[in-house]
Amino acid sequence: MSEANNRQILLVEKPTGRLGPEHFRMVNGSIPEPKEGEALLRLRYLSLDAANRAWMHGATYRAAVEANTVMSGGGIAEVVASKASGLAPGDIVFGDTGWQDYAAVQAKHLTKMPKLEPMTHLLSVYGIAGLTAYFGLLHVGKPKEGETVVVSAAAGSVGSIVGQIAKIKSCRVVGIAGGKDKCHWLTNELGFDAAVDYKDGGTYKALRSAAPDGIDVYFDNVGGDILEACLPQMNNRGRIACCGAISQYDGVPSAHGPRGVPGLIVVKRLIMQGFIVMDFMDQRDAALADLQSWVASGKLKVQEDVIDGLENAPAALIGLLAGENRGKRMIRVQA
Ligand SMILES: NC(=O)c1ccc[n+]([C@@H]2O[C@H](COP(=O)([O-])OP(=O)(O)OC[C@H]3O[C@@H](n4cnc5c(N)ncnc54)[C@H](OP(=O)(O)O)[C@@H]3O)[C@@H](O)[C@H]2O)c1
């Protein structure tokens, strides 16, 4: 298996400003031979995540991506050969395959997935996005019936699921998103009670009228100025589930917001808690059972944004950071 027919996208340089197409290059590599304990995978769907950009800044909950290596990224893949017990050709797995057609990955770093249709749901609602929304909202935000939940990047993959789960839990839900179309979609299609267009200016005031009783749970996907606008509007004993800080990922971190954090946290007795979805994986089966029943009953709508062709991954990630996507963005590498 050494012919040069494994397309790979390299990160050729770490961006110091905004991510651009010049930071990537496609090369033709060879298909690796799996070693003992590894499976050879053929990538089917590649997940595009805001975090892909954050990994370029340095080590976080995982190692940093380095220049002149295959760009890291999670994907749904099919096992084509295996030297690992428990994995056989034809099995479907999730793991960090990287941006390439084929990868040899240690079985201990792979999660075997059920064979369900559409397969794309394994990356959206039954993948990291759905589980992040589920655990972050229910285990960290802990909303109670009748409370007001605000979520940012609300039309994105995590945010769109957070808002819908909060509705299922009988909360008043306000989404913050960029642009009138996205806001309209949140209220008219996904059942959010209100939506705030942060690109329209005056986020603080718009939020005040969308959440007149204050905010009990803020699910924060973006950090920065939007977090600063939410903080003073938190109700006493409110909870902030810190999921991500996408406003800080692409380019030089902003010098703005949030200001006044410590005082507000004390006076309002707030809980502000960061989390990583992997921390909750021992409860994955129960979460998936809930998500599956909500999808089956039509209470939870799944929005996916599938782009064809591995070669389009760089532009698709750059576009995600700019807010092009609605719901879970991914690349169909091989159907
Ligand atoms: N803690 C965890 O375990 C975990 C796991 C998965 C994801 N995450 C986090 O979840 C968040 C969502 O990630 P995702 O991969 O699902 O992406 P996504 O929400 O599908 O897409 C990102 C969205 O963020 C919005 N955005 C971009 N720049 C922004 C800015 N400066 N201010 C406000 N909104 C901005 C854009 O929508 P607009 O058009 O609305 O701007 C864009 O569509 C990220 O912060 C990510 O790091 C955390």
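If I filter the range 251-267 for residues that are modelled with pLDDT of 95 or more, among the polar types (S, T, N, Q) and either more than 24 Å from Gly130 (Cα to Cα) or out of contact with any helix residue (DSSP H, G or I) (no Cβ under 7 Å at 6 or more places or on another chain) (or both), do I get at least one hit? Looking for residues that are modelled with pLDDT of 95 or more, among the polar types (S, T, N, Q) and either more than 24 Å from Gly130 (Cα to Cα) or out of contact with any helix residue (DSSP H, G or I) (no Cβ under 7 Å at 6 or more places or on another chain) (or both), one finds none in the range 251-267, hence no.
When restricted to residues that are under 16 Å from the mean Cα position of the chain (by Cα) and either outside any loop (DSSP other than H, G, I, E, B) or not assigned by TED's automatic domain parsing to the domain that holds Lys115 (or both), the range 29-56 contains 8.
Residue selection: Lys167 fails the criterion of being of a type in the set (D, E, K, R), within 14 Å of the ligand (Cβ to nearest atom) and either crowded, with 18+ Cβ neighbours inside 10 Å or modelled with pLDDT of 95 or more (or both).
Counting the residues of the range 148-164 that are within 16 Å of the ligand (Cβ to nearest atom), in contact (Cβ under 8 Å) with a residue 40 or more places away in the chain and over 20 Å from Gln248 (Cα atoms) gives 5. In the range 123-147, which residue that is open to solvent by 10 Å² or more (accessible area, probe 1.4 Å) and under 12 Å from Gly163 (Cα atoms) is farthest from the ligand (Cβ to nearest atom)? It comes out as Pro143.
Of the helices (runs of 4 or more DSSP H) entirely within the range 224-335, those holding at least 2 residues that are more than 10 Å from the ligand (Cβ to nearest atom) and polar (S, T, N, Q) occupy 284-297. Kindly indicate which of Thr97, Thr60 is without any contact (Cβ under 8 Å) to a residue 12 or more places away in the chain and not aliphatic (A, V, I, L, M). The conditions single out Thr60.
The values are calculated or read from the model by the stated rules, or taken from the named source; none is laboratory data. On a predicted model such as this, the values are computed, not experimentally measured, just so you know. Cβ sites come from the backbone with ideal geometry, for glycine too, and all protein chains shown count toward neighbours. All accessible areas refer to the heavy atoms of the entire protein, side chains included, with ligands and DNA or RNA removed. Shrake-Rupley method; radii C 1.70, N 1.55, O 1.52, S 1.80 Å.
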